[in-house]
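The values are calculated or read from the model by the stated rules, or taken from the named source; none is laboratory data. These numbers come from a predicted model, not from an experiment. FYI the Cβ positions are ideal-geometry reconstructions off the backbone, even for glycines, and counts take in every protein chain you see. Each accessible area value is taken on the protein alone, full model and side chains, heavy atoms only, with ligands, DNA and RNA left out. Shrake-Rupley method; radii C 1.70, N 1.55, O 1.52, S 1.80 Å.
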Amino acid sequence: MQQTEFTGVDPSYYKVRLISWLINTAIYLLIALVPLALKLFTLDVPLWLVILPPLTVILIALWVLFLIRRRVRALGYAEREEDLVVRSGVMFRKQVVIPYGRLQYVEMTSGPLERRYQLCKLTVNTAAGAATAVIPGLPAQTGTDLRERLAAAGEEKMIGL
Amino acid sequence: MTENWQRVHPASPFVHGWLAIVGLIWVYWTSTDELSWSERFAGPRLGWTAAIGVGALLVILVFYALSWYFTRYRLTDTHVYVNAGMLFRSQKQARIERVQAIDIAQPLLARLLGLAELRFDVADGSSSVMRLAFLKKERAHQLRGEILTLAQIARTGTAQPPAEVLAQEPEQDTLPEEEPARHPEAVAGASGQLIVSKVPAGRLLGSLMLRVPTILGVLFALFFGIMVVLGNAGALAGVIPALLGFGGWFYKELNNSWNFTASNTDTGLRISRGLTDTRQQSIPSGRVQAIKISAPMLWRALGWYRIEVNALGLGDESDSETLVMPVGNFESVCQVMGILLPDLGVPAQREVLYTAVTTGTQHGFTSSSQRAKAFSPGAWKHQGFLETDSVLITRYGWLARVASFIPYRRIQGVSWHQGPLERRRALAGVRVHSAGGSILGYAHQLDHDRAGELFRTQARRAAER
């Protein structure tokens, strides 16, 4: 696996992940603060129920925050002669190989946040549901080009089922 | 030979729609709940009840008659046509030479009336199955034979140049050893088929009794039974959902496996099964993507196995595994595997198969690393894989032991996995994915370098044509 040269994703994808981290954390924190709100309304809520949920949320959020940068840096893909390799994960590392000949269709999506940074996400599908490769955080132009190249390679090397 | 349009059996709409009648009666019954039996069918109400009943019956009969009138089929030398529907017409046709197989299914009511449904497995890329329901059972078998014979003639007529065949059958493999797959079941239903495995009722029941859900169900029932006997009548409330859930599972398994017979045909396996709903199904070997032989915990001592396959285009079950042997000993496994995967890519097929379904590192099996002992104390010796010339064999599982077989040319993608704990012990796993179901090649907790090597060779194999 070491000999494969991986292309990383766009560094601005870090910002996308950071903003969605902020939004998620805010939502979870709001939910975790419900007992505190109830206590302020003079309801009888045990103290541990007030403290524990927000504390847990904050700890997990910080841990995720710590991992975001490394997670983004761990993302990468490599177009090899016969197949596409996609790498992901920091704690749970994963690599997926999709031979061009097995490629069924390539999907390009971009959410509102990704659009702001002109990024997109490619999903490469095969006939097997579990053999799916996802490359997030590609610059829009790179994504379009990659999709075209993958589609062309898929057509050229197609193997029937 | 060009036949005229023919209609299906007149009872067909009833078999399709008997639930509607039952439903109507149920709605009537529950909405007149407050009435007693005599009030319903006596006095001034009787007239109304009878009038409404007759009216509803007439409407239903008219609908049924129309539905029957508009459902027609026709067989020509080149096509099978099935038309149905009066408001929303559906006209389906299939080119004879693309008919891969024809299943015969008999739902409970149809079976009681001696009727059968034909399900066409057509290689034209469409996802919906063409159905023809219902015909008299003999007629169904006769029609199936006719169509498959025509298909055989159409295909072997050698009128088409090979290139065209290739273009027309994208789902079919073009490798030479796949050749038989294009000639399914020469004369279907012909006698002289070799029965490879027939599951006796006793063994089937025994095997189901030894499955974990059954044992859990029985334990639950015992537990609640004791509670009730001890005077806790409320525990009865727990019994019913448990019984329903467990009974549902048991019935489904029983119905799927009852009277299970697998026979050998020119192209693959032919399966017939069913307790209340009977079904006949063909599994051309060319459609099989992956094979899983599993031994649930309590079967291991008895040497019993169960075989499932990932297969493409088997009608409505295309997304889940297909059962090809509910229970059988190693001898049956060998017979079934001999049809599904005649070439394991090794000289000592039988011995390798035996090592695959048991445990051991003979014949080149690589097992999980010693360092995996802490993670899988009961399974690390069993976990392992073997790369033959044509197939990847993987073994995994602790209590229930599984061996999965994926031919290299069926590999859709390969993935490599490593969790934080595995990394510390320099372990990694490789998974190999195939289409048509959830069976996968799963080589777990291997030595890091060995996993990397397996990952690379599998990726290379997958890209080969």
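What about B:Gly345, is it of a type in the set (Gly, Ala, Ser), at pLDDT below 95 and assigned to a loop (DSSP other than H, G, I, E, B)? Yes, satisfied. Considered as a group, the residues in segment B:252-296 that are of a type in the set (A, V, I, L, M, F, W, C), part of a strand (DSSP E or B) and more than 19 Å from B:Asn329 (Cα to Cα) include one that is modelled with the highest pLDDT, and that residue is B:Ala290.
Would you say A:Glu5 is surrounded by fewer than 14 Cβ atoms within 10 Å (Cβ to Cβ), at negative phi and of a type in the set (D, E, K, R)? Taking the combined requirement at face value, the residue satisfies it. Taken over segment A:123-161, the residue count meeting the criterion of being aliphatic (A, V, I, L, M), open to solvent by less than 50 Å² (accessible area, probe 1.4 Å), at pLDDT 90 or above and closer than 26 Å to B:Gly437 by Cβ is 3.
Scoring B:Thr359 on the criteria (1) in a loop (DSSP other than H, G, I, E, B); (2) of a type in the set (Ser, Thr, Tyr); (3) in contact with a Gly (Cβ under 7 Å, 6 or more places away or on another chain) leaves a single failure, condition (3). The numbered conditions (1) open to solvent by less than 50 Å² (accessible area, probe 1.4 Å); (2) part of a helix (DSSP H, G or I) are all true for B:Trp249 except (1). Which residues, taken from segment B:391-420, are closer than 16 Å to B:Phe455 by Cα and open to solvent by 20 Å² or more (accessible area, probe 1.4 Å)? Those that are closer than 16 Å to B:Phe455 by Cα and open to solvent by 20 Å² or more (accessible area, probe 1.4 Å): B:Arg409, B:His417.
Residues that are over 31 Å from the mean Cα position of the chain (by Cα) and of a type in the set (A, V, I, L, M, F, W, C) were ranked within segment B:330-374; the one that is farthest from B:Ile271 (Cα to Cα) is B:Ala374. Would you confirm whether any residue within segment B:451-463 is touching a residue at least 60 places away in the same chain (Cβ under 8 Å), open to solvent by less than 10 Å² (accessible area, probe 1.4 Å) and either outside the structural domain of B:Arg371 (by TED's automatic domain parsing) or within 27 Å of the chain's Cα centre (by Cα) (or both)? No. Criterion applied to B:Ser390, B:Ser415, B:Ser434, B:Ser438 was being polar (S, T, N, Q), over 21 Å from B:Thr361 (Cβ atoms) and over 21 Å from the mean Cα position of the chain (by Cα), and the one residue passing it is B:Ser415.
Is it true that A:Val45 is surrounded by 14 or more Cβ atoms within 10 Å (Cβ to Cβ) and touching a strand residue (DSSP E or B) at 6+ places or on another chain (Cβ under 9 Å)?
So A:Val45 fails the test.
The set of residues in segment B:341-365 being surrounded by fewer than 17 Cβ atoms within 10 Å (Cβ to Cβ) and in contact (Cβ under 8 Å) with a residue 60 or more places away in the chain consists of B:Asp343 alone. Determine, yes or no, whether B:Asp449 is assigned to a helix (DSSP H, G or I) and on the phi < 0 side of the Ramachandran plot. Yes: the conditions hold for B:Asp449. Report yes if B:Arg300 is surrounded by 18 or more Cβ atoms within 10 Å (Cβ to Cβ) and either away from chain A (no Cβ under 14 Å) or outside any loop (DSSP other than H, G, I, E, B) (or both), otherwise no. The answer is no for B:Arg300. Annotation: of all residues in segment B:368-427 being of a type in the set (Phe, Trp, Tyr) and in a strand (DSSP E or B), the one that is nearest to the other protein chains (Cβ to nearest Cβ) is B:Trp416. Residues that are surrounded by 22 or more Cβ atoms within 10 Å (Cβ to Cβ) and under 25 Å from B:Val288 (Cβ atoms) within segment B:421-435 comprise B:Gly429, B:Val430, B:Val432, B:His433, B:Ser434, B:Ala435, listed in sequence order.
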